[in-house]
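Working notes, beginning with the structure itself.
The values are calculated or read from the model by the stated rules, or taken from the named source; none is laboratory data. Bear in mind the structure is a predicted one, so any value in this text is a computation, not a measurement. Ideal geometry is used to build each Cβ from the backbone, glycine not excepted, and the neighbour counts take in all protein chains shown.
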């Protein structure tokens, strides 16, 4: 290894196990079923039909390890529809540890690109309020794309520094996930570029960011609220020592983690470089690549056991209300969509709405207010007002599939493959306009037809596997 400082650190940490760690193969590909769109049993049958060698993730019944992704799965209609997504094995741990419930108010403090966010939305069954924040506006684009594709609508998207959350939303959340930016040394076997940038100085800079985020997470929790802190690093400086510093300054307690299938994982450390930690630190989970066959990870769960000091009301976020289905800002649009696409007006009563000049977002009924500070969007982007009709987006069509009765087109298999290969396909005579695309009795997306040619909006073109 060219980086002597890193080599010295790794030798001190691993000792004689260092060669085993450095020779570990990268974590195999893994996927997670999106239970907002499908279920593990149905997806397992699909995997068998495709002949892919897979095994279950021991601690997640909705996760599958794919040893040879020969299709690839990213070319399947199931992936386009959002029935599943790629997510690392270890990466599936933090959301399960937090265990967000329907109806709770939850924060993902550093959410992009969104695999854990969509996992939490599924655990919440799209109910309650899921605040997804990221400091990077460019990374928010990937986060938004992933939530829309997964059919998430109980979320609010924010573009704020994580350090601001505790000030803007004090004592606000039932649960917080802080999957913190870190040195990523747990992923070193798969990322040989890490030694090119790693240094003690850069790790110390990350440690400072982590602590500021931890303090902000504490402040944003209600008393009795729960926090899961995770990193893809094994360094005690980024993990146990951070938690120790937090416990010394703020009223927090470490909670047990009961996750079936994690019995072989290591406990949190209680001694490091002569320092002794509370015995409760054993309740944390440690994953090491050469021992567990997956990326290195640290996960710990804590509870806010008391207040620190009163929040500054003058610095708290301001809010505005979303709209119900009868509000004059949205009711004419919903009536028009119902008429155009054959949807019962009763369907709309179950949701709340955000309307901009041309677009309409649908949210969970619990999202009655949205913050004005740092606000980017909320809920599922349902449709856009065009000159002659309301266009439904792909995710809007999929949400409405059991309610939509007009403007549905089911192509032949060769036409469907042509659409995904080129973005265009010849169709029988249809009036110009937007249609819902159907395959095997499921609505999969929105197409625009003009002069006998259909067009579909895709993230990229590919050879479709049905």
(message) Suppose we filter 382, 334 for residues that are part of a strand (DSSP E or B) and surrounded by 23 or more Cβ atoms within 10 Å (Cβ to Cβ); which single one remains?
(response) 382
(message) For the list (1) within 26 Å of residue 233 (Cβ to Cβ); (2) in contact with a helix residue (DSSP H, G or I) (Cβ under 8 Å, 6 or more places away or on another chain); (3) assigned to a strand (DSSP E or B), I need the number of the one condition that residue 110 fails.
(response) (3)
(request) Read through the list (1) touching a residue at least 40 places away in the same chain (Cβ under 8 Å); (2) in contact with a strand residue (DSSP E or B) (Cβ under 8 Å, 6 or more places away or on another chain); (3) farther than 30 Å from residue 199 by Cα, then give the number of the only condition that residue 63 fails. (result) (1)
(message) Looking at the stretch 188-204, can you tell me whether even one residue there is in contact with a strand residue (DSSP E or B) (Cβ under 8 Å, 6 or more places away or on another chain) and surrounded by 23 or more Cβ atoms within 10 Å (Cβ to Cβ)?
(response) no
(request) Return the residue satisfying two criteria in turn: it lies in the stretch 392-402 and is outside any helix (DSSP H, G or I) and either assigned by TED's automatic domain parsing to the domain that holds residue 330 or within 11 Å of residue 445 (Cα to Cα) (or both), and of such residues it is modelled with the lowest pLDDT. (result) 401
(message) Whether any residue in the stretch 189-203 is assigned to a helix (DSSP H, G or I), under 25 Å from residue 119 (Cα atoms), in the same structural domain as residue 132 (by TED's automatic domain parsing) and touching a helix residue (DSSP H, G or I) at 6+ places or on another chain (Cβ under 9 Å) is what I want to check.
(response) yes
(request) Only one of these is touching a strand residue (DSSP E or B) at 6+ places or on another chain (Cβ under 7 Å) and surrounded by fewer than 19 Cβ atoms within 10 Å (Cβ to Cβ): 224, 208. Name it. (result) 224
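From the list 129, 164, exactly one residue is under 29 Å from residue 400 (Cα atoms) and either assigned by TED's automatic domain parsing to the domain that holds residue 218 or surrounded by fewer than 22 Cβ atoms within 10 Å (Cβ to Cβ) (or both). Which is it?
Details: 164 fails: under 29 Å from residue 400 (Cα atoms).
Going through 129, 164 in turn, the sole match is 129.
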(request) Hand me the list of helices (runs of 4 or more DSSP H) wholly inside the stretch 3-92 holding 3 or more residues that are farther than 30 Å from residue 183 by Cβ and outside the structural domain of residue 152 (by TED's automatic domain parsing). (result) 40-50, 77-81
(message) For the stretch 249-265, give me each residue that is surrounded by 16 or more Cβ atoms within 10 Å (Cβ to Cβ) and outside any loop (DSSP other than H, G, I, E, B).
(response) 252, 254, 255
(message) For the list (1) at pLDDT 95 or above; (2) at negative phi; (3) surrounded by 15 or more Cβ atoms within 10 Å (Cβ to Cβ), I need the number of the one condition that residue 433 fails.
(response) (2)
(message) Filter the stretch 409-428 down to the residues that are farther than 18 Å from residue 451 by Cα and buried (at least 16 other Cβ atoms within 10 Å of the Cβ) and list them by number.
(response) 417, 420
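Quickly run through the stretch 433-466 and pick out the residues that are part of a loop (DSSP other than H, G, I, E, B) and either within 21 Å of residue 338 (Cβ to Cβ) or free of Cβ contacts under 8 Å to residues at least 12 places away in the same chain (or both).
Answer for the stretch 433-466, where residues must be part of a loop (DSSP other than H, G, I, E, B) and either within 21 Å of residue 338 (Cβ to Cβ) or free of Cβ contacts under 8 Å to residues at least 12 places away in the same chain (or both): 440, 441, 460.
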